[in-house]
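Novice: I am attaching a structure below and will ask some questions about it afterwards.
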Amino acid sequence: MEIPENIQEQLNQFQQLQQQAQAISMQVQNVEIQIQETEKALEELKKTDESAEVFKQAGTLLIKVEYADALSDMEEKLETLNLRKQTMSRQEERVMKKLEDMQSSIQSVMQGMGQ
């Protein structure tokens, strides 16, 4: 028995949504790694004496910066990454919910066709 065109279209959309969910999941993991790295760097910076020389990477260069500037930059970066993670996690939840709904819908139609 051949699958009707509208069901085939739904299956295609489902596959695209699965790929989107996977891509979002990978992005969330990447942001989580960046958060961990930033937290470690911030922790080490806080252990450092304020009078110590601090350098910031800018591309392939290391540039000397003030301790307070480096500290505020790292804290700001961490805050931005956490907000990004929250946004991406909500997006991931929405996509997963949509996937579940589509899967239920497709299964119902397929069962109704006797397949």
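The values are calculated or read from the model by the stated rules, or taken from the named source; none is laboratory data. Note that the structure is a prediction, hence the values are computed from the model and not measured. Cβ sites come from the backbone with ideal geometry, for glycine too, and all protein chains shown count toward neighbours. With ligands, DNA and RNA removed, areas are computed over all heavy atoms of the protein, side chains included. Shrake-Rupley method; radii C 1.70, N 1.55, O 1.52, S 1.80 Å.
Novice: At q = 0.12, 0.14, 0.19, 0.20 Å⁻¹, what is the base-10 log of I(q)/I(0) for the chain according to the Debye formula with one equal point scatterer per Cα and no solvent? Please give it to two decimals.
Specialist: These q points yield log10 I(q)/I(0) values of -0.62, -0.71, -0.99, -1.04.
Novice: Still on this structure, I have one more. Provide, for the chain, the number of lysine pairs with alpha carbons under 20 Å apart, each pair being eight or more places apart or on different chains.
Specialist: Final tally of qualifying lysine pairs is 16.
Novice: Any idea what the dipole of the chain comes to, in debye rounded to 20, about its Cα centre with Lys/Arg Cβ at +1 and Asp/Glu Cβ at -1? Numbers along the way, then the final one.
Specialist: Values: 12 positive and 21 negative charges, 53 e Å.
My answer is approximately 260 debye.
Novice: Calculate, in whole percent, how much of the Cα-Cα pair population of the stretch 35-86 lies beyond 13 Å.
Specialist: Numbers: 792 of 1326 pairs.
Cα-Cα pairs of the stretch 35-86 separated by over 13 Å account for 60 percent.
Novice: Using a 1.4 angstrom probe and counting only protein chains, how large is the accessible area of Leu71 in Å², to 10?
Specialist: Spelled out: Leu71, probe radius 1.4 Å, area about 40 Å².
Novice: Now a separate question. State the answer as a single residue: which of Leu71, Met96, Ser25 lies farthest towards the positive end of the charge dipole of the stretch 1-97, with beta carbon charges of +1 for Lys and Arg and -1 for Asp and Glu, about the Cα centre.
Specialist: Met96
Novice: Any chance you could give the angle, 0 to 90 degrees and rounded to 10, that helix 67-112 forms with the longest Cα principal axis of the chain?
Specialist: On a 0 to 90 degree scale, this one is about 10.
Novice: Which order do you get for Thr48, Thr60, Thr80 if you rank them by accessible area with a 1.4 Å probe, largest at the top?
Specialist: The residues order as Thr60, Thr80, Thr48, largest area first.
Novice: Just want the answer: with Cβ charges of +1 for Lys and Arg and -1 for Asp and Glu, which residue in Gln34, Thr87, Val54 is farthest toward the dipole's positive end in the stretch 26-97?
Specialist: Ranked along the dipole, the leading option is Thr87.
Novice: Which value at 222 nm does the chain reach when only helices count, each DSSP H run of 4 or more adding -39,500 (n - 2.57), with the total divided by all residues and rounded to the nearest 500 deg cm²/dmol?
Specialist: My calculation for the chain gives -29000 deg cm²/dmol from helical runs alone.
Novice: Counting only the heavy atoms of the protein chains, how much of Lys64 is accessible to a 1.4 Å probe, in Å² to the nearest 10?
Specialist: Answer for Lys64: close to 120 Å² accessible.
Novice: Using only protein heavy atoms and a 1.4 Å probe, report how much of Asp69 is accessible, in Å² to the nearest 10.
Specialist: Accessible surface of Asp69 is approximately 80 Å².
Novice: For helix 5-47, report the angle its Cα long axis makes with the longest principal axis of the Cα atoms of the chain; keep it between 0 and 90° and round to the nearest 10°.
Specialist: Helix 5-47 sits roughly 20 degrees off the main axis of the chain.
Novice: Percent of accessible area on the chain owned by carbon and sulfur, 1.4 Å probe?
Specialist: Ligands and nucleic acids excluded, carbon and sulfur reach 47 percent.
Novice: Okay, moving on. Quick check for you: with a 1.4 Å probe and neighbouring chains kept, what is the accessible area per residue of the stretch 1-96, in Å²?
Specialist: That works out to 77 Å² per residue.
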